[in-house]
1. On the basis of being over 30 Å from Thr46 (Cα atoms) and in a helix (DSSP H, G or I), does Tyr160 make the cut?
2. Would you tally the residues in region 71-113 being touching a Leu at 6+ places or on another chain (Cβ under 8 Å) and either buried (at least 21 other Cβ atoms within 10 Å of the Cβ) or over 21 Å from Ala49 (Cβ atoms) (or both)?
3. Condition check: outside any helix (DSSP H, G or I), polar (S, T, N, Q) and under 28 Å from Asp134 (Cα atoms). Does Asn103 satisfy that?
4. Restrict the check to region 175-184 and report whether at least one residue is in contact (Cβ under 8 Å) with a residue 24 or more places away in the chain, closer than 25 Å to Asp99 by Cβ and either among the acidic types (Asp, Glu) or out of contact with any Lys or Arg (no Cβ under 9 Å at 6 or more places or on another chain) (or both).
5. Take region 12-68 and flag every residue that is outside any helix (DSSP H, G or I) and either more than 28 Å from Met98 (Cα to Cα) or aromatic (Phe, Trp, Tyr) (or both).
6. Can Glu167 be described as exposed (fewer than 15 other Cβ atoms within 10 Å of the Cβ), of a type in the set (D, E, K, R), under 30 Å from Cys53 (Cβ atoms) and not assigned by TED's automatic domain parsing to the domain that holds Lys62?
7. I'm trying to understand the selection: among the residues of region 113-157, which are among the basic types (Lys, Arg), assigned to a helix (DSSP H, G or I) and either without any contact (Cβ under 8 Å) to a residue 12 or more places away in the chain or touching a strand residue (DSSP E or B) at 6+ places or on another chain (Cβ under 6 Å) (or both)?
8. Any residue at all in region 140-150 that is basic (Lys, Arg), modelled with pLDDT under 95 and more than 20 Å from the chain's Cα centre (by Cα)?
Amino acid sequence: MTDKRCFSPEYSDIGVRIHLIFKVKGLEEVEKYLNSIPQQFKGLQTYSALLNCYAREKSVEKAEAIMQKVKDMGLAHNPLCYSFMMNMYYQTGDWEKMDNMMNEMEGKGINFDQFILIIRLSAYAAAGDSDGMDKIARMLESDKRITLNWNAYSIIAEKYLNVGQVEKALTMLNKLEGMLATSKNK
């Protein structure tokens, strides 16, 4: 990667660069790069990219600090940063913090998206909580803002199989088949 600039960087350029540096050189280099960025370029895309890096590394304290910074700046108004945190908490097995994140989103009027709900469903599956899975599956199917695709139905079916709920898995697979048949007829 070069540091030569022909054009002024945009917020999205910096976010992409953070992601690439993380993939190629790691978190330490991302932090060095972040320190070299002028403050006026540190916005939601910059901090969400950094948050994603910390979450992928399961660096809970650093991720929580960045999430708090995003909140303090008034930028935590969409599900993206929450999904990074939810996924990290899922990976670390911290179900209580996942519930806290969802309660916080609900309290702030931030709509759950498919990714947030699939992460929570996966956590319920990992805990063997089929009632929790049912609750999330109902939320996914009833929320008119969420359009479930074939991948979501296959994930839900897989998670039901993981907890021994074969009939519910078959129901999801039937819905998946119906969706695929409908899309072929178009």
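1. On the way: over 30 Å from Thr46 (Cα atoms): yes; in a helix (DSSP H, G or I): yes.
So Tyr160 fits the description; yes.
2. 3
3. Details: outside any helix (DSSP H, G or I): no; polar (S, T, N, Q): yes; under 28 Å from Asp134 (Cα atoms): yes.
Spelling it out, it is not the case that Asn103 is outside any helix (DSSP H, G or I), polar (S, T, N, Q) and under 28 Å from Asp134 (Cα atoms).
4. no
5. Applying the first criterion (outside any helix (DSSP H, G or I)) to region 12-68 yields 26, 37-38, 42-43, 57-59.
Those that are outside any helix (DSSP H, G or I) and either more than 28 Å from Met98 (Cα to Cα) or aromatic (Phe, Trp, Tyr) (or both): Ile37, Pro38.
6. On the way: exposed (fewer than 15 other Cβ atoms within 10 Å of the Cβ): yes; of a type in the set (D, E, K, R): yes; under 30 Å from Cys53 (Cβ atoms): no; not assigned by TED's automatic domain parsing to the domain that holds Lys62: yes.
In short, no.
7. The initial filter retains those residues of region 113-157 that are among the basic types (Lys, Arg), namely 120, 135, 138, 144-145.
Filter once more, keeping what is assigned to a helix (DSSP H, G or I): 120, 135, 138.
Scanning region 113-157 gives Lys135, Arg138.
8. So far as region 140-150 goes, no, none of its residues is basic (Lys, Arg), modelled with pLDDT under 95 and more than 20 Å from the chain's Cα centre (by Cα).
The values are calculated or read from the model by the stated rules, or taken from the named source; none is laboratory data. The shown structure was predicted, so the numbers you read here are calculated from the model rather than taken from an experiment. Methodologically, a virtual Cβ is constructed for each residue, glycine included, from the backbone with ideal geometry; neighbour enumeration extends over all protein chains shown.
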